[in-house]
Amino acid sequence: MERKMKKIPMRQCRGCNEHKPKAELIRVVRSPEGEISLDFTGKKNGRGAYLCRSAACFKKARKSRRIERELGVEVPEEVYESLERELEADAGE
């Protein structure tokens, strides 16, 4: 009897536009209240955009405003700075 392979959910990074397994990416989420944060678990409520865990992809997505287009809201500069700090903290662990 042939075993079925479990399907791995793929998502596209908004920085480099590469498709990668969802577990390898970080989700930037806009909550129903409009708050923007990083979701390391992938389970928070709201609209999401995915990024690789690299500063280069974050910078590309920030410069091209891809996160804003994906989430449908304007992302304030201080939110970008906060997200960058969270990303650096995650990379340091």
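Would you check which residues across the stretch 73-93 are of a type in the set (Asp, Glu), modelled with pLDDT of 85 or more and surrounded by 12 or more Cβ atoms within 10 Å (Cβ to Cβ) and list them?
Glu84
Condition first: part of a loop (DSSP other than H, G, I, E, B), surrounded by 12 or more Cβ atoms within 10 Å (Cβ to Cβ) and over 11 Å from the mean Cα position of the chain (by Cα). Now tell me which residues in the stretch 49-72 satisfy that.
Matches in the stretch 49-72: Ser64, Arg65.
Which ones in the stretch 50-67 are free of Cβ contacts under 8 Å to residues at least 24 places away in the same chain and under 25 Å from Ala23 (Cβ atoms)?
Of everything in the stretch 50-67, those that are free of Cβ contacts under 8 Å to residues at least 24 places away in the same chain and under 25 Å from Ala23 (Cβ atoms) turn out to be Arg62, Ser64.
Would you confirm, using the coordinates I've provided, whether Gly42 is in contact with a Leu (Cβ under 7 Å, 6 or more places away or on another chain), surrounded by 13 or more Cβ atoms within 10 Å (Cβ to Cβ) and among the small types (Gly, Ala, Ser)?
Here the answer is no, as Gly42 does not meet what is asked.
Tell me which residues, restricted to the stretch 13-41, are over 15 Å from Glu68 (Cα atoms), part of a strand (DSSP E or B) and either in contact (Cβ under 8 Å) with a residue 24 or more places away in the chain or hydrophobic (A, V, I, L, M, F, W, C) (or both).
Lys20, Ile26
The values are calculated or read from the model by the stated rules, or taken from the named source; none is laboratory data. Quick caveat: nothing in here was measured; it's all calculated off a predicted structure. Using ideal geometry, Cβ is built from the backbone for each residue, glycine included, and neighbour counts are taken over all protein chains shown.
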